[in-house]
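Before any comments, here is the structure.
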Amino acid sequence: MKPAEHAIVYILGMTPRPVRGEDGLEKEPIEVIPAHSGVHLSPASRINFAIQYPIQHNVKAKSLGMVADASLVKLVGYCRMEKERER
């Protein structure tokens, strides 16, 4: 794992924390507003911005929720930054 390519992702109301032994995360955590009260993320949940997958419109996906407005700019910026790093 390359920590510089990852960010913590967490549910609104939780406190984002690195897991034991995790060093080098440079990106700020991304907050998610859950789709419903049953949505939970592991404290070890991370977004890997170096690997981006297109999802077809006809593929079923589980709705976890929406990225909070305050985190949306960071999310898009981190995606663009890693795409530029690939080139």
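For region 41-56, give me each residue that is farther than 19 Å from Cys79 by Cβ and without any contact (Cβ under 8 Å) to a residue 24 or more places away in the chain.
Ser42
Could you list, in sequence order, the residues of region 25-40 that are buried (at least 16 other Cβ atoms within 10 Å of the Cβ), of a type outside the set (D, E, K, R) and either touching a residue at least 40 places away in the same chain (Cβ under 8 Å) or assigned to a loop (DSSP other than H, G, I, E, B) (or both)?
Just the residues of region 25-40 that are buried (at least 16 other Cβ atoms within 10 Å of the Cβ), to begin with: 25, 27, 29-32, 34.
Retained after the next criterion (residues that are of a type outside the set (D, E, K, R)): 25, 29-30, 32, 34.
The answer is Leu25, Pro29, Ile30.
Looking at (1) assigned to a helix (DSSP H, G or I); (2) of a type in the set (Gly, Ala, Ser); (3) modelled with pLDDT of 95 or more, can you tell me which one Ala7 breaks?
(1)
Going by the conditions given, is Leu75 assigned to a loop (DSSP other than H, G, I, E, B) and crowded, with 16+ Cβ neighbours inside 10 Å? So that I can check it myself, show each step before the final result.
On the way: assigned to a loop (DSSP other than H, G, I, E, B): no; crowded, with 16+ Cβ neighbours inside 10 Å: yes.
No; evaluated as a whole, the condition is false for this residue.
Identify all residues within region 45-67 that are in a loop (DSSP other than H, G, I, E, B) and under 11 Å from the mean Cα position of the chain (by Cα); write none if there are none. Explain how you work it out, then say what you get.
Filtering region 45-67 down to residues in a loop (DSSP other than H, G, I, E, B) leaves 45, 49-64.
Matches in region 45-67: Ser45, Phe49.
The values are calculated or read from the model by the stated rules, or taken from the named source; none is laboratory data. Every value quoted in this text rests on a predicted model; they were computed, and no experiment measured them. Positions of Cβ are generated from backbone atoms using ideal geometry, with glycine treated the same way; all protein chains shown enter the neighbour counts.
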